[in-house]
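The values are calculated or read from the model by the stated rules, or taken from the named source; none is laboratory data. This one's a predicted model, so the numbers in the text were calculated from it and none came from an experiment. Note: ideal-geometry Cβ built from the backbone for every residue, glycine included; neighbour counts use all protein chains shown. When the accessible area is computed, the model is the full protein with side chains, heavy atoms only, and any ligands, DNA or RNA have been set aside. Shrake-Rupley method; radii C 1.70, N 1.55, O 1.52, S 1.80 Å.
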Amino acid sequence: QVSVEESGGGLVQAGDSLRLSCAVSGVTLAYVAIGWFRQAPGKEREGVSCISSRNGTTYYADSVKGRFTISRDIAKNTVYLQMNSLKPEDTAVYYCATARIWDGGSWTPGDYWGQGTQVTVSS
């Protein structure tokens, strides 16, 4: 009954912006942290950003700090990832997933994943 679904990917030029959406069903955002992950060809899966359940505290990978912003709309049960100043190295399949945030501020994916949405940034 828990599901997540990403949307909003596309092909853009370097310096452009995209807004990804993650629609969550089966659980309210007040009870689950949501993370964004990405995987580029030939590279390991990388945690991009995460937002906590209780306070909406945000976390970012160093590679996207200052450029990406994660947010949530409790009423719509949707998490967003605003991606500005996109670079070719941001090209990847982006996944939304439930997440667990640990005491030290690290975060790991949970059991529920979306299907992924492709983000391609041309030079």
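Condition first: of a type outside the set (Phe, Trp, Tyr) and modelled with pLDDT under 95. Can you find one or more residues in the stretch 20-41 that meet it?
Of the stretch 20-41, the ones of a type outside the set (Phe, Trp, Tyr) are 20-30, 32-35, 38-41.
Subsequent filtering for residues that are modelled with pLDDT under 95 retains 41.
Yes, the stretch 20-41 contains at least one residue that is of a type outside the set (Phe, Trp, Tyr) and modelled with pLDDT under 95.
Among the residues of the stretch 5-26 satisfying the criterion of being open to solvent by 50 Å² or more (accessible area, probe 1.4 Å) and in a strand (DSSP E or B), which is farthest from Gln118 (Cα to Cα)?
Applying the filter and picking the extreme gives Ser25.
Against the definition (more than 14 Å from the chain's Cα centre (by Cα) and without any contact (Cβ under 8 Å) to a residue 40 or more places away in the chain), how does Gly42 come out, yes or no? Steps first, please.
Details: more than 14 Å from the chain's Cα centre (by Cα): yes; without any contact (Cβ under 8 Å) to a residue 40 or more places away in the chain: yes.
For Gly42, the condition - more than 14 Å from the chain's Cα centre (by Cα) and without any contact (Cβ under 8 Å) to a residue 40 or more places away in the chain - is met.
Please go through (1) within 14 Å of the chain's Cα centre (by Cα); (2) surrounded by 18 or more Cβ atoms within 10 Å (Cβ to Cβ) for Thr108 and return the number of the only condition it doesn't satisfy.
Unmet condition: (2).
Take the stretch 95-105 and flag every residue that is open to solvent by 50 Å² or more (accessible area, probe 1.4 Å) and in contact (Cβ under 8 Å) with a residue 24 or more places away in the chain.
Result: Tyr95, Arg100.
Does any residue of the stretch 36-43 turn out to be among the aromatic types (Phe, Trp, Tyr), open to solvent by less than 30 Å² (accessible area, probe 1.4 Å) and touching a Pro at 6+ places or on another chain (Cβ under 7 Å)?
Within the stretch 36-43, one or more residues are among the aromatic types (Phe, Trp, Tyr), open to solvent by less than 30 Å² (accessible area, probe 1.4 Å) and touching a Pro at 6+ places or on another chain (Cβ under 7 Å).
Taking the stated definitions as given, is Ser122 more than 11 Å from the chain's Cα centre (by Cα) and either among the polar types (S, T, N, Q) or open to solvent by 50 Å² or more (accessible area, probe 1.4 Å) (or both)? Give the steps one after another, and end with the answer.
Numbers: more than 11 Å from the chain's Cα centre (by Cα): yes; either among the polar types (S, T, N, Q) or open to solvent by 50 Å² or more (accessible area, probe 1.4 Å) (or both): yes.
For Ser122, the condition - more than 11 Å from the chain's Cα centre (by Cα) and either among the polar types (S, T, N, Q) or open to solvent by 50 Å² or more (accessible area, probe 1.4 Å) (or both) - is met.
Here's the yes/no breakdown for (1) closer than 15 Å to Thr120 by Cβ; (2) among the acidic types (Asp, Glu):
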position: Val32; (1), (2): no, no
position: Glu44; (1), (2): no, yes
position: Thr57; (1), (2): no, no
position: Ile74; (1), (2): no, no
position: Asn77; (1), (2): no, no
position: Gln82; (1), (2): no, no
position: Ala92; (1), (2): yes, no
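Can you name the condition, by its number, that Ile74 falls short on among (1) touching a helix residue (DSSP H, G or I) at 6+ places or on another chain (Cβ under 7 Å); (2) among the β-branched types (Val, Ile, Thr); (3) closer than 13 Å to Leu20 by Cα?
For Ile74, the exception is condition (3).
Within the stretch 44-76, take every residue that is β-branched (Val, Ile, Thr), in a loop (DSSP other than H, G, I, E, B) and under 24 Å from Asp103 (Cβ atoms) and give me the one that is most open to solvent (accessible area, probe 1.4 Å). Spell out how you get there, then give the answer.
Residues of the stretch 44-76 that are β-branched (Val, Ile, Thr), as a first pass: 48, 51, 57-58, 64, 69-70, 74.
Next, from what is left, pick out any that are in a loop (DSSP other than H, G, I, E, B): 57, 64, 74.
Subset that is under 24 Å from Asp103 (Cβ atoms): 57, 64.
Numbers: Thr57: 60, Val64: 1 Å².
The extreme case among them is Thr57.
Within the stretch 110-123, how many residues are under 15 Å from Ala92 (Cβ atoms), in a strand (DSSP E or B) and not aliphatic (A, V, I, L, M)?
Within the stretch 110-123, the subset under 15 Å from Ala92 (Cβ atoms) is 113-122.
With in a strand (DSSP E or B) added as a condition, the list becomes 113, 117-122.
If we keep only those that are not aliphatic (A, V, I, L, M) as well, we get 113, 117-118, 120, 122.
Matching residues across the stretch 110-123 total 5.
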